[in-house]
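K.L.:
One structure coming up, written as structure tokens, with questions to follow.
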Amino acid sequence: MFVYLNGKLVPEEKARVSVFDHGFLYGDGIYETMRAYKGIVFMVDEHIKRLFRSGDLIKLKINLSHEGIKKAIYNSLKKNNLKDAYIRLSISRGQGEIGLDPELCKKPTFVIIAKQFKEYPEELYLRGVKISIVKTRRNTPEALNPKIKSLNFLNNILAKIEAKEAGAYEAIMLNYKGYLTEGTITNIFFIKDNSLFTPSIEAGILDGITRDLIIRVAERKGIKVTEGLYTPENIYDADETFITNTTLEILPVIKIDKNVIGKGIPGSVTKDLHRSYKEEVERYLKTGKN
Ligand code: PDD
């Protein structure tokens, strides 16, 4: 595998970052995860835009243009002979003396890892998964805004550890007021009486690109979508629930801790939305648009 590192595609054994890199020392940096289907990076512009927004929010100046990043991604796919790929861009503050001051780092470290996309087991989609509402609360926007897709992932990792202990596929975190936010790497939706609900951005979440597309797809299908502040009781009472992200797309949830959701099998609205999502992917591959 060849890894993009600061402008060069190098064999993975040679893709090395300094122990003085502030990404390693402090988790000071940002990232994006993308998925390529048949050689096309799905919603690449939206992901790059969000990367720049994350950069702005931590005052990290990315030393490549939007088009430059796109080119680097496609070069990584080409060099690795990839069509269906998992792509991760990581940008850290860079190498610098020990100390928190970002000015200690002269230039960011820019890494792109592109590897063969490994399909998730079909069984997950057919049966649905169990998730857990964990004790770890989501970072508050005033402390560390979840809108920043940051390399600093401890909040999510602590939640993930709890989910694993509970035998759950994903953890859902509440905010400090007790409202649902999101998973460790996913957004969450639920369906009640054929309407779709999802925590609003104000709850303190990452505005997922998949989330945004699903909202648009649902509205186009005539499904009412409401973004708001919801409690665990609201979701326990749902007919259907699912989680979303770039790599998973839409994954049905059938149980939250001890609470069975709906009939305990993936619901028809969830399955229908997933079909429509896949159609959106196909359309994007043909037209570059949604
Ligand atoms: N995670 N919320 C969090 C905390 C996330 O990390 C992610 C994405 C999402 C969903 O965003 P999107 O639909 O744009 O992928 C929500 C990626 C997949 C990751 O960590 O690799």
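The values are calculated or read from the model by the stated rules, or taken from the named source; none is laboratory data. Small disclaimer: the values here were computed from a predicted structure and weren't measured. Counting neighbours? That spans all protein chains shown, and the Cβs are built from the backbone with ideal geometry, glycine included. Side chains are part of the model used for accessible areas, which takes the heavy atoms of the whole protein and leaves out ligands, DNA and RNA. Shrake-Rupley method; radii C 1.70, N 1.55, O 1.52, S 1.80 Å.
K.L.:
The chain: longest stretch without exposed GluC sites (Glu not before Pro) (DSSP loop, at most 16 other Cβ within 10 Å), sites themselves excluded? List each step's numbers first, then the result.
P.N.:
On the way: sites that count: 97, 119, 142.
No qualifying site falls inside 143-290, the longest such stretch.
K.L.:
Efficiency by 1/(1 + (r/R0)^6): what FRET value for residue 101 and residue 224, r their Cβ-Cβ distance, R0 = 45 Å, to the nearest 0.05?
P.N.:
E(calc), rounded to 0.05, equals 0.35.
K.L.:
Still on this structure, please answer the following. Let me know the shape class of segment 1-102, please: from the alpha-carbon gyration tensor, a ≥ b ≥ c as square roots of the eigenvalues, rounded when a/c is under 1.5, otherwise prolate if a/b is greater than b/c, or oblate.
P.N.:
Numbers: a/c = 2.44, a/b = 1.43, b/c = 1.71.
Oblate shape, in that a/c is at least 1.5 and b/c is the bigger or equal ratio.
K.L.:
What is the chain's relative contact order, in percent, from Cα pairs under 8 angstrom and six or more apart in sequence? Mind showing how you got there, number by number?
P.N.:
Values: 596 pairs, mean separation 48.8, N = 290.
Here the relative contact order equals 17 percent.
K.L.:
Compare the Cα positions of 73, 98, 63 along the charge dipole of segment 59-103 (+1 at Cβ of Lys, Arg; -1 at Cβ of Asp, Glu; about the Cα centre) and return the one farthest towards the positive end.
P.N.:
In segment 59-103, that residue is 73.
K.L.:
Under 11 Å from the Cβ of residue 289, count the other residues' Cβ atoms, weight Lys and Arg +1, Asp and Glu -1, and hand me the total. Before the final figure, lay out each step's value.
P.N.:
Working: positive: 283, 286; negative: 45, 280.
Residues near residue 289 contribute 0 overall.
K.L.:
Could you give the dipole magnitude of segment 185-290 about its Cα centre, charging the beta-carbon of Lys and Arg +1 and that of Asp and Glu -1, in debye to the nearest 20?
P.N.:
Numbers: 15 positive and 16 negative charges, 89 e Å.
Here the size comes out at about 420 debye.
K.L.:
Step through the residues of segment 166-183 one at a time and calculate ³J(HN,Hα) from phi using the Karplus curve (6.51 cos²θ - 1.76 cosθ + 1.60, θ = phi - 60°), rounding each to whole Hz and writing x for Gly and Pro.
P.N.:
8, x, 10, 6, 9, 9, 10, 9, 9, 8, 5, 8, x, 8, 4, 10, 7, x
K.L.:
Give me the base-10 log of I(q)/I(0) for segment 81-166 at each q in 0.16, 0.24 Å⁻¹, Debye formula, one uniform scatterer per Cα, rounded to two decimals.
P.N.:
-1.01, -1.17
K.L.:
Using a basic spin-label model with each label point 7 Å from the Cα along Cα→Cβ, how many nm lie between residue 164 and residue 126?
P.N.:
Going from the residue 164 label point to the residue 126 one covers 2.8 nm.
K.L.:
State which entries of 8/106; 70/224; 164/224; 107/164 exceed 27 angstrom in Cα-Cα distance in the structure shown. It would help to have the intermediate numbers written out before the result.
P.N.:
Details: 8/106 18 Å; 70/224 35 Å; 164/224 34 Å; 107/164 37 Å.
Beyond 27 Å between Cα atoms: 70/224; 164/224; 107/164.
K.L.:
With a ≥ b ≥ c taken as the square roots of the eigenvalues of the C-alpha gyration tensor of segment 166-278, please select rounded if a/c is under 1.5 and otherwise prolate if a/b is larger than b/c or oblate if it is not?
P.N.:
Because its axes are fairly even, with a/c under 1.5, segment 166-278 counts as rounded.
K.L.:
Still on this structure, I have one more. Leaving out ligands, DNA and RNA, and with a 1.4 Å probe, what % of the accessible surface on the chain is carbon or sulfur?
P.N.:
Numbers: 7740 of 14490 Å².
Within the chain, the accessible surface is 53 percent carbon and sulfur.
K.L.:
Calculate for the chain the 222 nm mean residue ellipticity that helices alone would give, adding -39,500 (n - 2.57) per DSSP H run of length 4 or more and normalising by residue count, nearest 500 deg cm²/dmol.
P.N.:
Helix-only estimate at 222 nm: -9000 deg cm²/dmol.
K.L.:
Just check segment 68-107 against the gyration tensor rule for me: Cα atoms, a ≥ b ≥ c as the square roots of the eigenvalues, rounded for a/c under 1.5, and otherwise prolate or oblate depending on whether a/b exceeds b/c.
P.N.:
Details: a/c = 4.18, a/b = 3.18, b/c = 1.32.
Here segment 68-107 falls in the prolate category.
K.L.:
Okay, next question. 7 Å from Cα along Cα→Cβ at both residue 135 and residue 38: what's the point-to-point distance in nm?
P.N.:
4.9
K.L.:
So with the 1.4 Å probe, I'd like the accessible area per residue for segment 94-246, rounded to whole Å². Kindly include the intermediate steps, with their values, before the conclusion.
P.N.:
Numbers: 7560 Å² over 153 residues.
Counting only protein heavy atoms, the per-residue value for segment 94-246 is 49 Å².
K.L.:
Using only Cα atoms, figure out Rg for segment 241-286 and give it as a multiple of 2.2 N^0.38 Å. List each step's numbers first, then the result.
P.N.:
Details: Rg = 12.4 Å, N = 46, 2.2 N^0.38 = 9.4 Å.
So the Cα radius of gyration is 1.32 times the expected 2.2 N^0.38 Å.
K.L.:
Using 1/(1 + (r/R0)^6) with R0 = 35 angstrom and r between the beta carbons of residue 147 and residue 20, what's the FRET efficiency to the nearest 0.05? Don't skip to the end; give the middle numbers.
P.N.:
On the way: r = 28 Å, r/R0 = 0.81.
The value I calculate is 0.80.
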